[in-house]
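Asker: Before I ask anything, let me first share the structure, which is written out below as structure tokens.
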Amino acid sequence: MASYRERLTRDLDGWIAGGLVPAESRETILDSVGEARRLDAATALAVIGGLLAGIAVIAFVAANWSGIPRIARFAMILAAFLATAGAAAWAAGRERPVASQVLLCVAAMVFAAAIGLTGQIFDIAGSPQAALGGAGLGAGLLALAAGSPWTAAVSLVFLAAGDIAAGRVFDNAPSWPGWTAYAAPLGAWLALRWSSQPLAHVAAPAVGIGAVSVAMLLPTMPEAVPWLFTVFFILLAAGARWLWQRSQAPAGILYGWWAWGAMLAFAAVGSGRLLTGAGHSIACLALSAGVVALGRHDRHRGVTALGVLALIASAARLLFDLGVGLLTSAAIFGASALVALVVSAVMQRRRRAA
């Protein structure tokens, strides 16, 4: 999706063409906005290498070292955590934010390994759910202490995995919603506060996982749950869209994810008794067309792609509900595709001619 600078660049070109802004002011305005740092290929490879190193540490210490004393194993785990956390602090002090973020993520992974391996070393009984939850909470505290959005993303991954492993998401009678229901909204807020797009990518679906775990506790009819989720995600997407239009870049990511959540929730409405069959398919078609128009209006690629895919799926579902065979459906879609390609070619030719 476009950044604020990219959208401003397009708007400036239109304003200059319309005589609203002098052309000589273009570069001055763009320079005043600046541009967020982008990761080049070398930095991206370094990030991947650092994270793979963290996974390698976990795999290495997870081995059963029969020849190494237990205290020595525990000391190795503790030393690995302190070394990576200290290296992250060193990188932060020398204004190397990417290196600091990667090292903090590695420290969070080592801490996760330490929880499980401490029980293995000292023969302490435990459960994978508790280990994942403890690792997530530890990574979350580390993220808050260091102001690290990447570590906060790691924390949400651990917490969500722990809640899923504990059955709080798919179990019909969980005892409490789990940590994700509390941590995911905090993660979304921190993504906006820290202007972190990676954290937004993790926090948005985590909010959905937390919402499912909360819904399992509600004494509602099963038919009402998809409707509740549809309204819930529409409200979230509308709020994120409002923030995105006010130059909150991570809000655009939340907007896209939660728009997908709303569409998937409305698709699940068809499994109930209030709106089924062809009526639900027609409603999905109308909603999909609206999503396409909204995505094009906002210039949001994720929302536009959602609308297009939902439109195709809704059309296929409608044909199925009407009893149209596969061959006939293929002919209809093929003819529609041909018409769309012809119209697109004509429009492009006229645009070039103009």
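Asker: Which one of these is modelled with pLDDT under 80, of a type outside the set (D, E, K, R) and either assigned to a loop (DSSP other than H, G, I, E, B) or touching a Lys or Arg at 6+ places or on another chain (Cβ under 7 Å) (or both): LEU274, LEU341?
Answerer: The conditions single out LEU274.
Asker: Looking at (1) surrounded by 19 or more Cβ atoms within 10 Å (Cβ to Cβ); (2) modelled with pLDDT of 85 or more; (3) among the aliphatic types (A, V, I, L, M), which one does LEU144 not meet, given that it meets all the others?
Answerer: For LEU144, the exception is condition (1).
Asker: Is it true that ARG37 is of a type in the set (Lys, Arg) and at pLDDT 70 or above?
Answerer: So ARG37 does not fit the description; no.
The values are calculated or read from the model by the stated rules, or taken from the named source; none is laboratory data. Here the structure is a predicted model, which means the values were calculated and not measured. Glycine gets a Cβ as well: all are built from the backbone with ideal geometry, and neighbour counts include every protein chain shown.
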